[in-house]
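Quick note: the coordinates plus some simple rules give every number you see, no bench work behind them. Computed from a prediction, not measured in an experiment: that's the story for all the values here. Positions of Cβ are backbone-derived with ideal geometry, glycine not excepted, and every protein chain shown enters the neighbour counts.
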Amino acid sequence: MPARLAQPLDRLDELCCSPLTDAPLSPTEAAVLAPVLAALGDPVRLRLLSLVAARGEICSCHLEKPLGKSQPTISHHTRVLAEAGLIVGERRGKWMWWTVVPDRLALLRRLLGGA
């Protein structure tokens, strides 16, 4: 057994990284964070968000190929992310163009204890 795993459980915090937050989440913070994390709990949505964030703005039509999903499936996933407040869409012609909501990502980072 590696020495790291042989340590007493009360010392695991010394061996690992720092905790995600300085204090436990309040009930309000948990209520705000839960639907966001639920939206990000799907690998397709997590990848979709990363594609939108990496591009700054992206058309729904450009999400099919990298995600390997049909347009109806992409529409479902973008709707879930939009309802969680992570992305916002603007209709241009027949397509939706998506951007990340920076304040929502900042809130997510803060609630999880990030800088």
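Just need the relative contact order of the stretch 26-111 here, percent rounded to a whole number, with Cα pairs under 8 Å and 6+ apart.
Over the stretch 26-111, the number comes to 32 percent.
For the stretch 29-115, with the dipole built from +1 on Lys and Arg beta-carbon atoms and -1 on Asp and Glu ones, taken about the Cα centre, which of 81, 67, 31 lies farthest toward the positive end?
Selected residue: 67.
So if the hydrodynamic radius of the stretch 26-111 is defined as the Kirkwood radius over C-alpha pairs, what does Stokes-Einstein give as its diffusion coefficient at 20 °C and 1.002 mPa s, in µm² per second?
My calculation gives 163 µm²/s for D.
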